[in-house]
Amino acid sequence: MARLDLYVNYSLQASIKLEGDRIELGRDPQCEVQLADARVSRRHATIAAHQGAHTIENLGRNGTRVNGEPLTAPHRLRAGDAIFIASNILIYQADGAPTEEALATQLDLPAD
């Protein structure tokens, strides 16, 4: 299942599974992904699932950026896309991507 890895101040805070057809991001307690930052709109952005893919759309006045570019229209997310909302960075991970913890536990084996 696809997920968002949420980083605040470059520290991983949560991995959020993208379940359902629509997920809202913002400060509002009704949002599935709540971001506690005064610069985040109550309903800042939405992620929609359609035919195995996800798109993100900006709803907030302070804007949303994907890979550093301002969102001006819905954007189809690809593995590794970085979503910037105020001081929050969300990395879109496709189905089956290993978690940061799993990557940290991989062993470096010496070459033969």
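The table below lists the values:
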quantity	calculated
Segment 58-99, residues that are touching a residue at least 24 places away in the same chain (Cβ under 8 Å) and within 16 Å of Lys17 (Cα to Cα)	Leu77, Ile83, Ile89, Leu90, Ile91, Tyr92, Gln93, Ala94, Asp95, Ala97, Thr99
Hits in segment 40-59 - residues which are open to solvent by 30 Å² or more (accessible area, probe 1.4 Å) and under 13 Å from Arg27 (Cα atoms)	Arg42, Arg43, Leu59
Index of the failed condition, Glu19 passing every other in (1) open to solvent by 30 Å² or more (accessible area, probe 1.4 Å); (2) at pLDDT 95 or above; (3) part of a loop (DSSP other than H, G, I, E, B)	(2)
Answer residue from segment 60-81, given it is within 19 Å of Met1 (Cα to Cα) and charged (D, E, K, R) and is surrounded by the most Cβ atoms within 10 Å (Cβ to Cβ) among those	Asp81
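The values are calculated or read from the model by the stated rules, or taken from the named source; none is laboratory data. Just so it is clear, the model here is predicted, and its values are computed rather than measured. Note that each Cβ is placed from the backbone with ideal geometry, even for glycine, and that neighbours are counted across all protein chains shown. Only protein heavy atoms, including side chains, enter the accessible area calculation; ligands, DNA and RNA are left aside. Shrake-Rupley method; radii C 1.70, N 1.55, O 1.52, S 1.80 Å.
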